[in-house]
Amino acid sequence: MTTRAIATHRVVAHLDLDAFYCQVERRDLRAKTAAGRRDGRASAEDVPLVVVQYNPFERGGVRALAPDDDRELRDGFENHSLIAVSYEARARGVKRNMRGREARALAPACAVVQVPTRRSKADLTLYREAGREVAAVLARGGTIERASIDEAYLDLTESAKKVLEETAWATILEKARTSHAAGASAVSGKGYASVAWWNRDESEWREEEKLLAAGAYICFNLRKACVDELGYTLSAGIALNKMLAKLTSGMNKPASQTVLCPDHTSTLLDELPIDRIRGLGAKFGRELADGLNVKTIGELARTPLRKLEEVCGEEKAQWVRKVSLGLDDDPVKAREMPKSIGTGKTFRGALAIRSIASAKHWLAELTAELNDRCEADEEEWNRVPKLLTLGLSSPDERETSSGHCSRRCPLRPGADEMAQDALTLLSKWASGRERWSITGMSVSASNFVSLEKDSGDVVEMFKNATKAAKAPASVSATPAASPIKADQIDKNVLAELPEAIQREIRASMGLLDKSTGGGVKRKNEITNYFSKKR
Ligand code: CTP
Ligand code: CA
Ligand code: CA
(Lines give C-alpha, C1' and ligand atoms only; values in the text may rest on other atoms or scores of the structure.)
(Ligands and ions follow the chains in the order given, each with its own letter.)
Protein backbone atom coordinates (compact mmCIF):
# COMPACT_ATOMS: atom_id res chain seq x y z
CA MET A 1 0.00 0.00 0.00
CA THR A 2 1.46 3.35 -0.96
CA THR A 3 1.33 6.17 1.54
CA ARG A 4 0.60 8.49 -1.34
CA ALA A 5 -2.71 6.91 -2.23
CA ILE A 6 -3.77 6.92 1.38
CA ALA A 7 -2.71 10.51 2.00
CA THR A 8 -5.39 11.75 -0.36
CA HIS A 9 -8.16 10.04 1.53
CA ARG A 10 -9.74 10.87 4.83
CA VAL A 11 -11.94 8.80 7.10
CA VAL A 12 -14.63 10.73 8.87
CA ALA A 13 -17.22 9.39 11.27
CA HIS A 14 -20.45 11.07 12.27
CA LEU A 15 -21.84 9.80 15.55
CA ASP A 16 -25.27 10.49 16.98
CA LEU A 17 -26.76 9.25 20.24
CA ASP A 18 -29.93 7.19 19.93
CA ALA A 19 -33.07 8.78 21.41
CA PHE A 20 -30.72 10.91 23.39
CA TYR A 21 -32.84 12.53 26.11
CA CYS A 22 -34.51 9.15 26.68
CA GLN A 23 -31.19 7.44 27.30
CA VAL A 24 -30.14 10.17 29.73
CA GLU A 25 -33.46 9.92 31.57
CA ARG A 26 -33.23 6.13 31.66
CA ARG A 27 -29.83 6.36 33.28
CA ASP A 28 -31.14 8.97 35.69
CA LEU A 29 -34.08 6.71 36.58
CA ARG A 30 -31.71 3.81 37.17
CA ALA A 31 -29.60 5.91 39.51
CA LYS A 32 -32.65 7.11 41.45
CA THR A 33 -34.01 3.56 41.63
CA ALA A 34 -30.67 2.22 42.83
CA ALA A 35 -30.67 4.92 45.52
CA GLY A 36 -34.10 3.63 46.60
CA ARG A 37 -35.78 6.91 45.74
CA ARG A 38 -38.45 5.52 43.46
CA ASP A 39 -39.89 2.27 42.17
CA GLY A 40 -37.85 0.68 39.42
CA ARG A 41 -40.41 -0.06 36.72
CA ALA A 42 -39.54 2.71 34.25
CA SER A 43 -35.82 2.22 34.62
CA ALA A 44 -36.02 -1.19 32.94
CA GLU A 45 -34.53 -1.11 29.45
CA ASP A 46 -37.55 -2.59 27.65
CA VAL A 47 -40.19 -0.22 29.03
CA PRO A 48 -41.17 2.39 26.41
CA LEU A 49 -40.22 5.86 27.55
CA VAL A 50 -40.89 9.36 26.33
CA VAL A 51 -39.56 12.71 27.46
CA VAL A 52 -42.09 15.52 27.46
CA GLN A 53 -41.78 19.25 27.42
CA TYR A 54 -43.98 21.00 29.99
CA ASN A 55 -46.91 22.75 28.42
CA PRO A 56 -46.67 26.48 29.17
CA PHE A 57 -50.36 27.00 28.37
CA GLU A 58 -51.51 24.35 30.80
CA ARG A 59 -53.55 25.60 33.75
CA GLY A 60 -51.30 26.15 36.73
CA GLY A 61 -48.32 26.92 34.48
CA VAL A 62 -45.06 25.04 34.24
CA ARG A 63 -44.58 22.30 36.80
CA ALA A 64 -41.22 23.16 38.34
CA LEU A 65 -39.06 20.06 38.52
CA ALA A 66 -35.35 20.08 39.30
CA PRO A 67 -33.11 17.43 37.70
CA ASP A 68 -32.93 15.66 41.03
CA ASP A 69 -36.70 15.46 41.60
CA ASP A 70 -38.72 12.42 40.64
CA ARG A 71 -39.74 13.69 37.21
CA GLU A 72 -41.71 10.67 36.03
CA LEU A 73 -45.25 12.03 35.54
CA ARG A 74 -48.17 9.87 36.62
CA ASP A 75 -50.81 12.35 35.47
CA GLY A 76 -51.29 15.75 33.92
CA PHE A 77 -49.06 15.01 30.93
CA GLU A 78 -51.87 14.50 28.38
CA ASN A 79 -51.23 17.78 26.61
CA HIS A 80 -47.48 17.84 26.94
CA SER A 81 -45.57 17.51 23.70
CA LEU A 82 -43.05 14.73 23.26
CA ILE A 83 -39.49 15.83 22.60
CA ALA A 84 -37.83 12.44 22.70
CA VAL A 85 -39.20 8.96 22.08
CA SER A 86 -37.36 5.76 22.98
CA TYR A 87 -37.03 3.05 20.37
CA GLU A 88 -39.32 0.78 22.40
CA ALA A 89 -42.00 3.48 22.15
CA ARG A 90 -41.28 4.07 18.46
CA ALA A 91 -41.89 0.38 17.85
CA ARG A 92 -45.43 0.97 19.07
CA GLY A 93 -45.97 3.87 16.71
CA VAL A 94 -45.21 6.74 19.09
CA LYS A 95 -43.68 9.74 17.31
CA ARG A 96 -41.96 12.95 18.36
CA ASN A 97 -44.72 15.29 17.18
CA MET A 98 -47.36 13.62 19.38
CA ARG A 99 -48.77 14.54 22.79
CA GLY A 100 -48.53 12.63 26.04
CA ARG A 101 -52.04 11.23 25.69
CA GLU A 102 -51.30 9.72 22.27
CA ALA A 103 -48.14 8.08 23.60
CA ARG A 104 -50.12 6.43 26.41
CA ALA A 105 -52.85 5.35 24.00
CA LEU A 106 -50.36 3.61 21.72
CA ALA A 107 -48.11 2.31 24.49
CA PRO A 108 -50.08 2.02 27.75
CA ALA A 109 -47.00 0.98 29.74
CA CYS A 110 -45.07 4.01 28.50
CA ALA A 111 -43.12 5.94 31.12
CA VAL A 112 -43.47 9.71 30.79
CA VAL A 113 -40.62 11.85 32.06
CA GLN A 114 -40.67 15.63 32.13
CA VAL A 115 -37.56 17.63 31.22
CA PRO A 116 -36.04 19.43 34.19
CA THR A 117 -37.09 23.05 34.49
CA ARG A 118 -35.41 26.07 35.94
CA ARG A 119 -36.88 29.54 36.23
CA SER A 120 -39.91 28.31 34.24
CA LYS A 121 -37.75 27.18 31.36
CA ALA A 122 -36.46 23.78 30.24
CA ASP A 123 -33.08 23.17 31.85
CA LEU A 124 -30.93 21.07 29.54
CA THR A 125 -27.92 20.89 31.85
CA LEU A 126 -28.40 17.18 32.51
CA TYR A 127 -28.31 16.42 28.78
CA ARG A 128 -25.47 18.82 28.05
CA GLU A 129 -23.40 17.17 30.75
CA ALA A 130 -24.15 13.73 29.27
CA GLY A 131 -23.29 14.95 25.77
CA ARG A 132 -19.98 16.20 27.07
CA GLU A 133 -19.19 12.91 28.79
CA VAL A 134 -19.80 11.11 25.51
CA ALA A 135 -17.69 13.62 23.57
CA ALA A 136 -14.81 13.05 26.01
CA VAL A 137 -14.87 9.33 25.24
CA LEU A 138 -15.14 9.89 21.48
CA ALA A 139 -12.21 12.31 21.52
CA ARG A 140 -9.95 9.32 22.15
CA GLY A 141 -10.41 8.43 18.47
CA GLY A 142 -9.17 11.64 16.89
CA THR A 143 -10.06 15.27 16.28
CA ILE A 144 -13.63 15.85 17.36
CA GLU A 145 -16.04 18.50 16.20
CA ARG A 146 -19.23 18.58 18.19
CA ALA A 147 -22.14 19.27 15.88
CA SER A 148 -24.96 19.45 18.43
CA ILE A 149 -25.86 18.38 21.95
CA ASP A 150 -25.83 14.71 20.89
CA GLU A 151 -23.69 14.40 17.79
CA ALA A 152 -20.14 14.88 16.62
CA TYR A 153 -17.79 14.40 13.71
CA LEU A 154 -14.52 12.59 14.21
CA ASP A 155 -11.55 12.68 11.88
CA LEU A 156 -10.25 9.13 12.14
CA THR A 157 -7.69 9.35 9.33
CA GLU A 158 -4.55 9.30 11.46
CA SER A 159 -5.87 6.74 13.93
CA ALA A 160 -7.02 4.54 11.05
CA LYS A 161 -3.59 4.61 9.42
CA LYS A 162 -2.04 3.72 12.73
CA VAL A 163 -4.47 0.86 13.21
CA LEU A 164 -3.72 -0.46 9.69
CA GLU A 165 -0.03 -0.42 10.50
CA GLU A 166 -0.27 -2.00 13.92
CA THR A 167 -3.24 -4.32 13.83
CA ALA A 168 -3.76 -7.57 11.97
CA TRP A 169 -6.26 -7.30 9.12
CA ALA A 170 -8.31 -10.17 10.53
CA THR A 171 -8.60 -8.37 13.88
CA ILE A 172 -9.71 -5.16 12.21
CA LEU A 173 -12.21 -7.01 10.09
CA GLU A 174 -13.67 -8.93 13.01
CA LYS A 175 -15.03 -5.72 14.52
CA ALA A 176 -15.42 -3.64 11.35
CA ARG A 177 -17.70 -6.23 9.79
CA THR A 178 -20.33 -5.65 12.47
CA SER A 179 -21.03 -2.47 10.47
CA HIS A 180 -23.59 -2.34 7.71
CA ALA A 181 -22.03 -1.61 4.33
CA ALA A 182 -24.33 0.88 2.61
CA GLY A 183 -24.73 0.12 -1.05
CA ALA A 184 -22.70 -3.09 -0.88
CA SER A 185 -24.97 -5.05 -3.19
CA ALA A 186 -25.29 -2.14 -5.61
CA VAL A 187 -21.56 -1.65 -6.06
CA SER A 188 -20.25 -5.18 -6.15
CA GLY A 189 -21.93 -6.11 -9.38
CA LYS A 190 -21.98 -9.62 -7.98
CA GLY A 191 -25.11 -9.29 -5.93
CA TYR A 192 -23.02 -9.02 -2.77
CA ALA A 193 -24.96 -8.28 0.35
CA SER A 194 -23.35 -6.31 3.18
CA VAL A 195 -21.97 -9.48 4.76
CA ALA A 196 -20.35 -10.62 1.55
CA TRP A 197 -18.82 -7.21 0.97
CA TRP A 198 -16.98 -7.59 4.27
CA ASN A 199 -16.08 -11.19 3.36
CA ARG A 200 -14.07 -10.25 0.27
CA ASP A 201 -10.54 -11.46 0.02
CA GLU A 202 -8.00 -8.93 1.35
CA SER A 203 -6.58 -8.48 -2.16
CA GLU A 204 -9.93 -7.17 -3.38
CA TRP A 205 -9.90 -4.23 -0.99
CA ARG A 206 -8.93 -0.84 -2.35
CA GLU A 207 -6.82 1.42 -0.14
CA GLU A 208 -9.61 3.79 0.78
CA GLU A 209 -11.88 0.86 1.58
CA LYS A 210 -9.26 -0.51 3.96
CA LEU A 211 -8.99 2.88 5.58
CA LEU A 212 -12.76 2.92 6.00
CA ALA A 213 -12.63 -0.54 7.56
CA ALA A 214 -10.01 0.66 10.05
CA GLY A 215 -12.24 3.67 10.74
CA ALA A 216 -15.13 1.31 11.35
CA TYR A 217 -12.98 -0.73 13.74
CA ILE A 218 -12.11 2.41 15.74
CA CYS A 219 -15.70 3.59 15.68
CA PHE A 220 -16.88 0.21 16.96
CA ASN A 221 -14.44 0.46 19.88
CA LEU A 222 -15.47 4.02 20.69
CA ARG A 223 -19.17 3.12 20.64
CA LYS A 224 -18.46 0.13 22.84
CA ALA A 225 -16.55 2.34 25.27
CA CYS A 226 -19.60 4.64 25.47
CA VAL A 227 -21.83 1.68 26.31
CA ASP A 228 -19.39 0.14 28.80
CA GLU A 229 -18.32 3.32 30.55
CA LEU A 230 -21.42 5.49 30.29
CA GLY A 231 -24.29 3.19 29.33
CA TYR A 232 -25.17 5.11 26.15
CA THR A 233 -25.66 3.74 22.64
CA LEU A 234 -24.83 5.68 19.51
CA SER A 235 -25.21 5.16 15.82
CA ALA A 236 -22.48 6.13 13.42
CA GLY A 237 -21.70 6.66 9.78
CA ILE A 238 -18.20 6.15 8.44
CA ALA A 239 -17.33 7.69 5.10
CA LEU A 240 -14.69 9.66 3.22
CA ASN A 241 -15.94 13.08 4.32
CA LYS A 242 -18.24 14.89 6.73
CA MET A 243 -21.16 15.30 4.39
CA LEU A 244 -21.29 11.61 3.49
CA ALA A 245 -20.70 10.48 7.07
CA LYS A 246 -23.66 12.56 8.22
CA LEU A 247 -25.90 11.07 5.52
CA THR A 248 -24.80 7.59 6.51
CA SER A 249 -25.04 7.70 10.31
CA GLY A 250 -28.83 7.54 10.45
CA MET A 251 -29.21 4.64 8.03
CA ASN A 252 -29.32 1.90 10.64
CA LYS A 253 -30.46 3.33 13.94
CA PRO A 254 -30.33 2.50 16.80
CA ALA A 255 -27.04 1.18 18.14
CA SER A 256 -25.42 0.35 14.84
CA GLN A 257 -22.95 1.81 12.45
CA THR A 258 -22.80 1.99 8.69
CA VAL A 259 -19.86 2.29 6.35
CA LEU A 260 -20.57 4.00 3.05
CA CYS A 261 -19.04 2.01 0.21
CA PRO A 262 -17.23 4.67 -1.84
CA ASP A 263 -18.61 3.42 -5.15
CA HIS A 264 -22.13 3.77 -3.85
CA THR A 265 -21.88 7.54 -3.35
CA SER A 266 -23.44 8.61 -6.64
CA THR A 267 -26.34 6.17 -6.24
CA LEU A 268 -26.97 7.44 -2.73
CA LEU A 269 -26.96 11.07 -3.85
CA ASP A 270 -28.89 10.54 -7.04
CA GLU A 271 -32.37 10.46 -5.50
CA LEU A 272 -31.54 12.52 -2.43
CA PRO A 273 -33.71 15.63 -1.98
CA ILE A 274 -31.57 18.77 -2.14
CA ASP A 275 -32.46 19.96 1.34
CA ARG A 276 -30.90 16.91 2.99
CA ILE A 277 -27.44 18.40 2.45
CA ARG A 278 -26.14 20.89 4.96
CA GLY A 279 -25.94 24.30 3.33
CA LEU A 280 -28.71 23.46 0.86
CA GLY A 281 -31.49 23.24 3.41
CA ALA A 282 -32.53 26.84 3.83
CA LYS A 283 -33.10 29.79 1.54
CA PHE A 284 -30.11 29.11 -0.70
CA GLY A 285 -31.23 25.55 -1.38
CA ARG A 286 -34.73 26.72 -2.26
CA GLU A 287 -33.40 29.40 -4.61
CA LEU A 288 -31.26 26.79 -6.30
CA ALA A 289 -34.10 24.28 -6.61
CA ASP A 290 -36.48 26.89 -7.99
CA GLY A 291 -33.93 28.61 -10.24
CA LEU A 292 -32.80 25.35 -11.83
CA ASN A 293 -36.04 23.45 -11.48
CA VAL A 294 -34.30 20.51 -9.79
CA LYS A 295 -35.32 18.45 -6.77
CA THR A 296 -32.53 15.96 -6.21
CA ILE A 297 -28.77 16.08 -5.79
CA GLY A 298 -28.49 13.86 -8.87
CA GLU A 299 -30.26 16.46 -10.98
CA LEU A 300 -28.00 19.10 -9.52
CA ALA A 301 -24.96 17.02 -10.48
CA ARG A 302 -26.16 16.83 -14.06
CA THR A 303 -26.73 20.59 -14.34
CA PRO A 304 -24.01 22.24 -16.49
CA LEU A 305 -21.63 24.36 -14.43
CA ARG A 306 -22.45 27.43 -16.53
CA LYS A 307 -26.09 27.17 -15.52
CA LEU A 308 -25.14 26.81 -11.87
CA GLU A 309 -23.00 29.93 -12.15
CA GLU A 310 -25.88 31.89 -13.63
CA VAL A 311 -28.05 31.11 -10.66
CA CYS A 312 -25.58 31.43 -7.79
CA GLY A 313 -22.33 32.93 -9.00
CA GLU A 314 -18.94 31.36 -9.71
CA GLU A 315 -17.77 30.65 -6.18
CA LYS A 316 -20.95 29.06 -4.89
CA ALA A 317 -21.35 27.13 -8.13
CA GLN A 318 -17.99 25.45 -7.52
CA TRP A 319 -19.06 24.42 -4.06
CA VAL A 320 -22.44 23.17 -5.27
CA ARG A 321 -20.79 21.17 -8.02
CA LYS A 322 -18.40 19.47 -5.60
CA VAL A 323 -21.12 18.70 -3.08
CA SER A 324 -23.39 17.29 -5.77
CA LEU A 325 -20.62 14.83 -6.63
CA GLY A 326 -20.22 13.79 -3.00
CA LEU A 327 -16.98 15.71 -2.51
CA ASP A 328 -16.50 17.75 0.63
CA ASP A 329 -13.16 18.97 1.94
CA ASP A 330 -14.59 20.69 4.98
CA PRO A 331 -12.16 19.68 7.75
CA VAL A 332 -13.26 18.31 11.10
CA LYS A 333 -12.51 21.33 13.24
CA ALA A 334 -11.90 21.08 16.93
CA ARG A 335 -13.59 24.20 18.25
CA GLU A 336 -11.00 26.48 19.76
CA MET A 337 -11.23 27.26 23.40
CA PRO A 338 -11.05 30.99 24.04
CA LYS A 339 -8.17 31.98 26.32
CA SER A 340 -10.26 34.55 28.07
CA ILE A 341 -13.86 35.69 28.20
CA GLY A 342 -14.62 39.35 28.62
CA THR A 343 -17.23 41.99 28.28
CA GLY A 344 -16.97 45.78 28.34
CA LYS A 345 -18.70 49.07 27.77
CA THR A 346 -17.57 52.56 26.81
CA PHE A 347 -18.79 55.71 28.51
CA ARG A 348 -17.89 58.60 26.25
CA GLY A 349 -18.14 62.33 26.94
CA ALA A 350 -20.87 63.27 29.35
CA LEU A 351 -21.53 59.59 30.06
CA ALA A 352 -18.12 59.12 31.74
CA ILE A 353 -18.31 57.47 35.14
CA ARG A 354 -17.26 59.76 37.98
CA SER A 355 -18.64 58.15 41.11
CA ILE A 356 -18.21 54.84 42.91
CA ALA A 357 -21.99 54.42 43.02
CA SER A 358 -22.24 54.65 39.26
CA ALA A 359 -19.21 52.38 38.79
CA LYS A 360 -20.83 49.87 41.12
CA HIS A 361 -23.99 49.85 39.04
CA TRP A 362 -22.16 49.18 35.77
CA LEU A 363 -19.81 46.64 37.27
CA ALA A 364 -22.83 44.69 38.49
CA GLU A 365 -24.22 44.68 34.94
CA LEU A 366 -20.93 43.64 33.40
CA THR A 367 -20.13 40.91 35.91
CA ALA A 368 -23.66 39.48 35.60
CA GLU A 369 -23.02 39.06 31.91
CA LEU A 370 -19.52 37.74 32.49
CA ASN A 371 -20.90 35.20 34.95
CA ASP A 372 -23.48 33.98 32.43
CA ARG A 373 -20.78 33.57 29.85
CA CYS A 374 -18.50 31.76 32.32
CA GLU A 375 -21.33 29.36 33.08
CA ALA A 376 -21.89 28.71 29.39
CA ASP A 377 -18.15 28.27 28.94
CA GLU A 378 -17.99 25.81 31.82
CA GLU A 379 -20.83 23.85 30.28
CA GLU A 380 -19.12 23.76 26.92
CA TRP A 381 -15.52 23.25 27.95
CA ASN A 382 -15.77 21.81 31.43
CA ARG A 383 -13.37 24.31 32.96
CA VAL A 384 -13.41 27.22 35.32
CA PRO A 385 -11.53 30.54 35.26
CA LYS A 386 -9.24 31.52 38.12
CA LEU A 387 -8.32 35.11 37.31
CA LEU A 388 -10.53 38.19 37.16
CA THR A 389 -9.28 41.23 35.27
CA LEU A 390 -10.76 44.70 35.44
CA GLY A 391 -9.83 46.94 32.52
CA LEU A 392 -10.25 50.70 32.74
CA SER A 393 -9.89 53.51 30.24
CA SER A 394 -9.48 56.91 31.77
CA PRO A 395 -8.05 60.28 30.72
CA ASP A 396 -6.59 60.44 34.25
CA GLU A 397 -4.67 57.22 33.77
CA ARG A 398 -0.99 58.11 33.47
CA GLU A 399 0.38 54.63 34.06
CA THR A 400 0.25 53.86 30.36
CA SER A 401 0.34 56.21 27.39
CA SER A 402 -2.84 54.69 26.03
CA GLY A 403 -4.90 55.67 29.02
CA HIS A 404 -5.80 52.03 29.65
CA CYS A 405 -4.87 50.02 32.68
CA SER A 406 -5.85 46.78 34.22
CA ARG A 407 -6.08 45.30 37.70
CA ARG A 408 -6.34 41.64 38.58
CA CYS A 409 -7.33 39.39 41.41
CA PRO A 410 -8.19 35.72 41.93
CA LEU A 411 -11.61 35.02 40.52
CA ARG A 412 -14.33 33.91 42.90
CA PRO A 413 -17.21 32.30 41.00
CA GLY A 414 -20.61 34.00 41.10
CA ALA A 415 -21.90 37.29 39.71
CA ASP A 416 -22.09 38.97 43.12
CA GLU A 417 -18.61 37.88 44.12
CA MET A 418 -17.14 39.09 40.84
CA ALA A 419 -19.00 42.41 41.15
CA GLN A 420 -17.67 42.88 44.67
CA ASP A 421 -14.08 42.03 43.74
CA ALA A 422 -14.15 44.19 40.62
CA LEU A 423 -15.43 47.07 42.72
CA THR A 424 -12.62 46.57 45.22
CA LEU A 425 -10.09 46.74 42.37
CA LEU A 426 -11.73 49.86 41.03
CA SER A 427 -11.88 51.52 44.44
CA LYS A 428 -8.18 50.89 44.94
CA TRP A 429 -7.48 52.45 41.57
CA ALA A 430 -9.62 55.48 42.40
CA SER A 431 -8.32 55.98 45.92
CA GLY A 432 -5.65 58.62 46.16
CA ARG A 433 -6.95 60.40 43.08
CA GLU A 434 -8.79 63.61 43.78
CA ARG A 435 -11.00 63.52 40.75
CA TRP A 436 -11.32 60.79 38.20
CA SER A 437 -13.45 59.74 35.31
CA ILE A 438 -13.76 56.44 33.52
CA THR A 439 -14.52 56.29 29.81
CA GLY A 440 -14.35 52.54 29.35
CA MET A 441 -14.71 49.55 31.63
CA SER A 442 -14.26 45.84 31.02
CA VAL A 443 -14.23 42.67 33.07
CA SER A 444 -12.72 39.42 31.92
CA ALA A 445 -12.07 35.93 33.17
CA SER A 446 -8.99 33.88 32.29
CA ASN A 447 -6.54 31.25 33.57
CA PHE A 448 -8.93 28.42 32.99
CA VAL A 449 -8.51 25.18 34.85
CA SER A 450 -9.84 22.09 33.14
CA LEU A 451 -12.19 19.81 35.03
CA GLU A 452 -11.71 17.14 32.38
CA LYS A 453 -10.25 13.70 32.89
CA ASP A 454 -7.22 12.94 30.72
CA SER A 455 -8.07 11.03 27.59
CA GLY A 456 -5.78 8.22 26.61
CA ASP A 457 -4.01 7.18 23.45
CA VAL A 458 -6.21 5.51 20.87
CA VAL A 459 -4.19 2.33 20.50
CA GLU A 460 -3.72 2.09 24.26
CA MET A 461 -7.44 2.43 24.64
CA PHE A 462 -8.12 -0.61 22.48
CA LYS A 463 -5.57 -2.62 24.40
CA ASN A 464 -7.50 -1.72 27.50
CA ALA A 465 -10.89 -2.19 25.92
CA THR A 466 -11.48 -5.57 27.51
CA LYS A 467 -10.42 -4.29 30.91
CA ALA A 468 -12.80 -1.35 30.63
CA ALA A 469 -15.59 -3.66 29.61
CA LYS A 470 -15.19 -5.66 32.80
CA ALA A 471 -15.02 -2.64 35.05
CA PRO A 472 -18.32 -1.62 36.61
CA ALA A 473 -20.01 1.25 34.80
CA SER A 474 -18.88 4.32 36.66
CA VAL A 475 -21.36 7.09 36.32
CA SER A 476 -19.80 10.08 37.95
CA ALA A 477 -16.11 9.83 38.50
CA THR A 478 -14.81 13.06 40.02
CA PRO A 479 -12.69 14.62 37.32
CA ALA A 480 -9.24 15.67 38.37
CA ALA A 481 -8.03 19.11 37.43
CA SER A 482 -5.31 18.82 34.83
CA PRO A 483 -2.35 21.16 34.59
CA ILE A 484 -2.74 24.21 32.42
CA LYS A 485 -0.76 24.29 29.20
CA ALA A 486 1.89 26.97 28.91
CA ASP A 487 0.63 28.30 25.59
CA GLN A 488 -2.80 28.88 27.05
CA ILE A 489 -1.47 31.58 29.33
CA ASP A 490 -1.86 35.17 28.35
CA LYS A 491 1.28 37.36 28.79
CA ASN A 492 -0.42 39.80 31.14
CA VAL A 493 -1.71 36.94 33.18
CA LEU A 494 1.72 35.40 33.31
CA ALA A 495 3.14 38.55 34.86
CA GLU A 496 0.75 38.14 37.77
CA LEU A 497 2.02 34.72 38.77
CA PRO A 498 4.63 33.88 41.39
CA GLU A 499 8.18 34.20 40.06
CA ALA A 500 8.99 30.49 40.30
CA ILE A 501 5.98 29.55 38.26
CA GLN A 502 6.60 32.25 35.67
CA ARG A 503 10.09 30.84 35.18
CA GLU A 504 8.78 27.36 34.70
CA ILE A 505 6.16 28.42 32.21
CA ARG A 506 8.67 30.46 30.24
CA ALA A 507 11.02 27.50 30.21
CA SER A 508 8.34 25.20 28.88
CA MET A 509 7.49 27.76 26.21
CA GLY A 510 11.14 27.89 25.21
CA LEU A 511 11.39 31.51 26.28
CA LEU A 512 14.02 30.94 28.93
CA ASP A 513 17.70 30.35 28.40
CA LYS A 514 18.20 26.61 28.86
CA SER A 515 21.31 27.26 31.01
CA THR A 516 19.21 28.73 33.78
CA GLY A 517 17.86 25.27 34.28
CA GLY A 518 14.35 24.25 33.52
CA GLY A 519 11.31 24.02 35.59
CA VAL A 520 11.20 20.27 35.21
CA LYS A 521 11.74 19.77 38.88
CA ARG A 522 9.13 22.33 39.73
CA LYS A 523 6.53 20.77 37.50
CA ASN A 524 4.25 20.08 40.41
CA GLU A 525 4.14 23.69 41.35
CA ILE A 526 2.27 24.61 38.21
CA THR A 527 -0.14 21.79 38.59
CA ASN A 528 -0.81 22.61 42.19
CA TYR A 529 -1.14 26.31 41.64
CA PHE A 530 -3.77 25.89 38.98
CA SER A 531 -5.46 22.91 40.48
CA LYS A 532 -6.63 24.64 43.62
CA LYS A 533 -10.27 23.93 43.91
CA ARG A 534 -12.51 26.94 43.71
N1 CTP B 1 -34.59 17.69 20.27
C2 CTP B 1 -35.55 18.59 20.65
N3 CTP B 1 -36.31 19.23 19.70
C4 CTP B 1 -36.12 18.97 18.38
C5 CTP B 1 -35.13 18.07 17.98
C6 CTP B 1 -34.37 17.43 18.96
O7 CTP B 1 -35.72 18.83 21.82
N8 CTP B 1 -36.86 19.59 17.48
C9 CTP B 1 -33.81 16.98 21.28
C10 CTP B 1 -34.45 15.63 21.46
O11 CTP B 1 -35.10 15.54 22.68
C12 CTP B 1 -33.37 14.62 21.29
C13 CTP B 1 -32.09 15.44 21.09
O14 CTP B 1 -32.47 16.78 20.89
O15 CTP B 1 -33.28 13.67 22.33
C16 CTP B 1 -31.35 14.90 19.90
O17 CTP B 1 -32.15 14.98 18.75
P18 CTP B 1 -32.12 13.92 17.59
O19 CTP B 1 -30.74 13.40 17.45
O20 CTP B 1 -32.76 14.53 16.40
O21 CTP B 1 -33.14 12.78 18.06
P22 CTP B 1 -33.00 11.64 19.12
O23 CTP B 1 -34.09 11.81 20.12
O24 CTP B 1 -31.63 11.56 19.67
O25 CTP B 1 -33.36 10.36 18.28
P26 CTP B 1 -32.49 9.60 17.20
O27 CTP B 1 -32.23 8.27 17.78
O28 CTP B 1 -33.37 9.52 16.01
O29 CTP B 1 -31.25 10.39 16.95
CA1 CA C 1 -29.82 11.51 18.30
CA1 CA D 1 -28.86 14.57 16.76
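The values are calculated or read from the model by the stated rules, or taken from the named source; none is laboratory data. The model shown is predicted, which means the values in this text are computed figures rather than measured ones. Every residue, glycine among them, receives a Cβ derived from its backbone with ideal geometry; neighbour counts consider all protein chains shown. We work out accessible area using only protein heavy atoms, side chains counted, and drop any ligands, DNA or RNA first. Shrake-Rupley method; radii C 1.70, N 1.55, O 1.52, S 1.80 Å.
Some points to look at:
- Condition broken by residue 36, with the remaining ones in (1) at pLDDT below 95; (2) closer than 14 Å to residue 127 by Cβ satisfied: (2)
- For residue 135: the one exception among (1) among the aliphatic types (A, V, I, L, M); (2) touching a strand residue (DSSP E or B) at 6+ places or on another chain (Cβ under 6 Å); (3) within 16 Å of ligand 3 (Cβ to nearest atom); (4) in contact (Cβ under 8 Å) with a residue 40 or more places away in the chain: (4)
- Residue tally, condition surrounded by 24 or more Cβ atoms within 10 Å (Cβ to Cβ) and more than 16 Å from ligand 1 (Cβ to nearest atom), over region 214-239: 9
A quick yes/no check of all residues on (1) in a loop (DSSP other than H, G, I, E, B); (2) over 23 Å from the mean Cα position of the chain (by Cα); (3) under 24 Å from residue 162 (Cβ atoms); (4) within 16 Å of ligand 2 (Cβ to nearest atom):
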position	(1), (2), (3), (4)
214	no, yes, yes, no
224	no, no, yes, no
227	no, no, yes, yes
258	no, no, yes, yes
269	no, yes, no, no
286	no, yes, no, no
290	no, yes, no, no
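- Taken over region 228-239, the criterion of being among the β-branched types (Val, Ile, Thr) and farther than 15 Å from residue 150 by Cβ is satisfied by 238 alone.
- Once region 146-175 is narrowed to residues that are among the acidic types (Asp, Glu) and either more than 16 Å from ligand 1 (Cβ to nearest atom) or in the same structural domain as residue 383 (by TED's automatic domain parsing) (or both), the residue that is most open to solvent (accessible area, probe 1.4 Å) is 165.
- For region 301-320, the criterion of a residue being open to solvent by 80 Å² or more (accessible area, probe 1.4 Å) and within 25 Å of residue 143 (Cα to Cα) is satisfied by at least one position.
- For beta carbons closer than 9 Å, sequence separation of 6+ or different chains, a first residue in region 98-120 that is free of Cβ contacts under 8 Å to residues at least 24 places away in the same chain and a second that is surrounded by fewer than 18 Cβ atoms within 10 Å (Cβ to Cβ) and part of a strand (DSSP E or B), the qualifying pairs are 98/81; 99/81.
- Every listed requirement among (1) loosely packed, with under 14 Cβ neighbours inside 10 Å; (2) under 28 Å from the mean Cα position of the chain (by Cα); (3) not polar (S, T, N, Q) is met by residue 370 save one, (1).
- Restricting attention to region 114-145 and to residues that are over 16 Å from residue 219 (Cα atoms), buried (at least 19 other Cβ atoms within 10 Å of the Cβ) and β-branched (Val, Ile, Thr), the residue that is modelled with the lowest pLDDT turns out to be 117.
- Selection count where residues are within 21 Å of residue 351 (Cβ to Cβ) and small (Gly, Ala, Ser), scope region 424-438: 3
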